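First the structure, in the form of structure tokens, and then the observations on it.
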Amino acid sequence: MTAPEGQDYVGFDTITQQMERKFLKRGFNLNVILVGESGMGKSTLVNSIFTTHLVDSQGRRTAQEVIRKTTEISPVTQTLEENGVRVRLTIIDTPGFGDQCNNEGCWVPVIKYIKDQHAAYLARELKPFRDRIINDTRVHACLYFLNPGSRGLRPLDVEVLKRLTEVTNVIPVIAKSDSMTSDERTLFKRRVKEEMAFHRISTYPYTSDDDDEEDRMLNASIRDLIPFAVVGSEETIDVDGTSVRGRRHGWGVINIFDESHCDFVHLRNFMLRTHLSDLVEVTAQRHYEQFRTSQLRQIKELRDQQSAAAAAGVLPGAVVPQPPTAPLPHQPVAQV
Amino acid sequence: MRAVTSKQQDVAGSGGTGGAGAARKLNGYVGFSNYPNQQHRRSIKRGFNFTMMVVGESGLGKTTLINTLFESKVYPASDSAGDGSPRGTGAAAAVVPPAGVDITSVSADIVESGVKLRLSVVDAPGFGDAINNDEAWRPILENIESRFDAYLAQENRVNRSKISDNRVNALLYFIKPTGHGLRAIDIEFMKNLHTRVNLVPIIARADTLAPREVELFKAKVLADINYHGIQIFKPVSDQFDDPETVADNRAIAAKIPFAVVGSDRFVDRADGAKVRGRSYPWGVIEVENEDHNDFVALRQMLLRTHTEELRDETDVALYESYRTQKLLALGHVQDGSVFREFNPRARHEEEERLHAAKMHKLETEMAAVFKQKVQEKEDKLKKSEEELHSRHKQMKTVLEKQRRDLEDKRSRLGLPDAVGTAPAASAGTVGVSFVDPAQRNAVSKDKKKNRFF
């Protein structure tokens, strides 16, 4: 670095450069899951955030197509590169979520997928010979899409959010917010926050004690904006000579990068520019660790049970289970 | 007037179809063209009924749209941002989950230019808001059918002078503007209700869709509706409408399903005018601007041009089909004879014919019976004759046997034959006393033989 090369200079401040170089070489993984009904603007939003057409909308195109009866999980992985930094981005779409008349249990495949990724990572971690760099497929962020205009959270939203916030970082979003005026938006956000507090649903970002003042203020401002009222668009429109990314209506043009029009810029900065590494870290430290603790405890209990049974002679020749080499048999149904 | 009298003879024969074909032109002003005006005045005095139902998930703007349509706060809007007062006191009250689908109704008497309208709006809060919405449509269908039942009961009363009609004339179904066609709950609902009510599908919150997206979405919705065979209300023109009305109707029909935006507030437009609309940072959408949304077309159809058609359709088609199904289900049997026209002469002739046929039948019947009886009697007599014959024969044989026995006895005893008692068949007399047994046998054998020939 350009520090005074005097006698007292040690030089460990170059650690940041070294880490940067490592990241450049290695690249990193980012996994985002999109949870919301069909037609909420999930695919368009993702394509807007990354400014490229990454995912196709999975909605019904013709009348002959049958409405999906269960929630499907469809991950799409792409490698993006920007200024030499490579990211393996996986977008996991959930077509069929919340689309049927009876939506009981439509969240089960989603929770199962998230837990499966944790389990896969745990399995690889527990191996005697494990890779130096484990391919991280754990879900780092979940964008949960809310209905614009409803009076706050719907019963389905409450159920799903309660369960999702236990396993991953949830960022609530209103994707088609161009049908709400500013007043309605403020009212809606306030209502949603009240209801989430009432149901004890905690979304990302979380408060933590070792946040410094700057972080705390940033988090507070982010939390103020939740849920993000955004507008997505994949087209660029010509407005007075300048081309903006937005939507053209008969009565006006929405510029999604305009902060007075919608929170798109805030969401993008939050997700990618300020809190990206935090998302990955929190997933590893908080959610994954919780999962790991509960899994290991279960294994221990199972082992104790079996050894007790073997000792009592009920199961002659019972085999004490070895640390699993395959993804663990966690029971998603009982826990969700 | 000669034309009239000459037709009188044909009336009975043609069964009342006189007048079919080209209408006759009159030579002067008669005045019966004033009849519609008389109708008009009478119905204004009586006033109209119109019942509308609005169904859709919460947050789609149903309440706002009703208030906008009737330009008055028919519903007190809960939770509009302008009020600033959220429903309930704080989060605890706001998160009460909807306990199934409610049916609430609001009625208002509205007067415009002397025309009285009794407007009823029926709402179904809680529809589609739960996690399991499989049966969300059922309370609504039951409500509609119970109104039909009430009307049916009134129709069957002895005194029918006062019938109150609260049947649902139109159902506005609010579709979420997803851009992906109809959702499962929409299809379920419409399939179950389209035969009982005039369905008017509406794309709610249309300010989220750009013009091209609106077209695409409408096409997808119509494709879904056609695919599932759902009947929605479409304004049709008939031969009596003038070309302008036909064109208007076609324009309105082309916009179905209507993509609407409602607002019960006035905002300032860019040029300073106050319009009913919604104000965004990027512009102002006007509710009554036809380029911005289809609200005007919806209002036109619902209130200004097709109100009567909606009511008529409810009364003539929907109610009647419900009534038919219900009565058939209860076990009534259709008697087709009531449909034939009443014609006294034809009826008389028919009665005569029937009578003659009946008489003829009776006659043939009696003849047949008579013949049968005669036959029976004959048979009986024949039988008794045969019986007598056989008895006679029997008696004869018995007698002969007796006689022979007697003869034998006599000949054994050696007595002479009784004169006159011998049957005529004896060839050789048996007058000799000492008869040789062999001879006697031979004689008796002869006698026997002769007798039996």
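The values are calculated or read from the model by the stated rules, or taken from the named source; none is laboratory data. Note that this is a predicted model, so its numbers are computed, not measured. Please note: Cβ atoms are built from the backbone with ideal geometry, for glycine as well, and neighbour counts cover all protein chains shown. The accessibility values were calculated without ligands, DNA or RNA, using every heavy atom of the protein model including side chains. Shrake-Rupley method; radii C 1.70, N 1.55, O 1.52, S 1.80 Å.
State the answer as a single residue: which of B:281, A:27, A:150 lies farthest towards the positive end of the charge dipole of the protein assembly as shown, with beta carbon charges of +1 for Lys and Arg and -1 for Asp and Glu, about the Cα centre.
After comparing all options, I get A:150.
Once a ≥ b ≥ c are taken as the square roots of the eigenvalues of the Cα gyration tensor of chain A, is the result rounded (a/c under 1.5), prolate (a/b larger than b/c) or oblate (a/b not larger than b/c)?
Verdict is oblate for chain A.
At 1.4 Å probe size, with no ligands or nucleic acids counted, give the accessible surface of residue A:261 in Å², nearest ten.
20
Run the quick spin-label model on residue B:325 and residue B:46: label points 7 Å from Cα toward the beta carbon, then report their separation in nm to one decimal.
2.8
Please give every one of the lysines within straight-line cross-link reach of residue B:380, meaning a C-alpha to C-alpha distance under 29 Å, and leave out same-chain neighbours fewer than 8 residues apart.
Partners within reach: B:361, B:371, B:393, B:396.
How large is the charge dipole for the protein assembly as shown, taken about the Cα centre, if only the Cβ atoms of Lys, Arg (+1) and Asp, Glu (-1) carry charge, to the nearest 20 debye?
For the protein assembly as shown, the charge dipole is close to 5840 debye.
Run the reach check for residue B:274 against aspartates and glutamates, Cα to Cα strictly under 17 Å, same-chain hits fewer than 8 apart removed. What comes back?
B:71, B:264, B:286, B:288, B:290
For peptide A:40-49, compute the average count of partner chain beta-carbon atoms within 10 Å of each residue's beta-carbon.
1
Go through A:69/A:112; A:69/B:255; A:42/B:218; B:191/B:218 and tell me which ones have a Cα-Cα distance over 23 Å in this structure.
Those over the limit are A:69/B:255.
Inside 10 Å of the C-beta atoms of A:60-70, what's the mean count of C-beta atoms belonging to other chains?
Neighbouring Cβ atoms belonging to other protein chains average 4 per residue here.
Around residue A:94, with a cut-off of 12 angstrom between Cβ atoms, what is the net charge of the other residues, counting Lys and Arg +1 and Asp and Glu -1?
-1
Let me spell out the model: positive unit charges on the Cβ of Lys and Arg, negative unit charges on the Cβ of Asp and Glu, origin at the Cα centre of the range A:140-222. What dipole size does that give, in debye rounded to 20?
With only Lys, Arg, Asp and Glu charged at Cβ, the dipole is about 660 debye.
Going by accessible area, probe 1.4 Å, with all protein chains left in place, what is the ranking of A:296, B:182, largest first?
These residues rank, largest area first, as A:296, B:182.
Could you tell me whether the protein assembly as shown comes out rounded, prolate or oblate from its Cα gyration tensor? Rule is a ≥ b ≥ c as square roots of the eigenvalues, rounded for a/c under 1.5, then prolate if a/b exceeds b/c, otherwise oblate.
Taking the square roots of the gyration eigenvalues as a ≥ b ≥ c, the protein assembly as shown is oblate.
What does the helix-only formula give at 222 nm for chain A: each DSSP H stretch with n ≥ 4 adding -39500 (n - 2.57), the total divided by the residues, and the result rounded to the nearest 500 deg cm²/dmol?
It lands at -11500 deg cm²/dmol.
What distance in nm separates the simple spin-label points at residue B:231 and residue B:350, each placed 7 Å from Cα in the Cβ direction?
A separation of 3.2 nm, rounded to one decimal place.
Which whole number gives the average count of other chain Cβ atoms within 10 Å of the Cβ atoms across peptide A:194-204?
2
Restricting to bridges with both residues inside the range B:161-316, how much of the DSSP beta-bridge set is antiparallel, in percent to the nearest 5?
50
With contacts defined as alpha carbon pairs under 8 Å and 6 or more residues apart, what's the relative contact order of chain A in percent?
Rounded, it is 18 percent for chain A.
Heavy-atom accessible area of residue B:370 with all protein chains present, probe 1.4 Å, nearest 10 Å²?
Taking all protein chains as shown, residue B:370 has close to 140 Å².
Of the candidates A:70, A:51, A:168, which one comes out as most mobile in a Gaussian network treatment of chain A with C-alpha springs shorter than 10 Å?
Result: A:51 has the largest fluctuation of those listed.
To make sure I understand the rule: partners must be lysines, Cα under 27 Å from the Cα of residue B:162, and not fewer than 8 residues away in the same chain. Which ones qualify?
Reachable lysines: B:45, B:116, B:326.
So, in nm, how far is label residue A:82 from label residue B:159 when the simple model puts each one 7 Å beyond its Cα toward the Cβ?
8.2
What order do you get for A:120-128, A:11-19, B:54-62 when each peptide is scored by the mean count of other beta carbon atoms within 10 Å, highest first?
Taking the mean over residues of other Cβ atoms within 10 Å, the ranking is B:54-62, A:120-128, A:11-19.
Which is farthest toward the positive dipole end of the range A:67-194 among A:113, A:94, A:172, measuring Cα position about the Cα centre, with Cβ charges +1 (Lys, Arg) and -1 (Asp, Glu)?
Checking the options against the dipole of the range A:67-194, the answer is A:113.
Among A:303, A:286, A:88, whose mean-square fluctuation peaks in a Gaussian network model of chain A (Cα, cutoff 10 Å)?
Per the Cα network of chain A with a 10 Å cutoff, A:303 tops the list.
Starting from 0.36 nm per residue, how many nanometres of slack lie between residue B:368 and residue B:29 once their C-alpha separation is accounted for?
Contour length minus Cα-Cα distance gives 115.1 nm.
State, as an integer percentage, the relative contact order of the range B:106-152 based on alpha-carbon contacts under 8 Å between residues 6 or more apart.
Computed value for the range B:106-152: 22 percent relative contact order.
If you rank B:326, B:358 by how much accessible surface each has, with a 1.4 Å probe, what is the order from largest down?
In descending accessible area the options line up as B:358, B:326.
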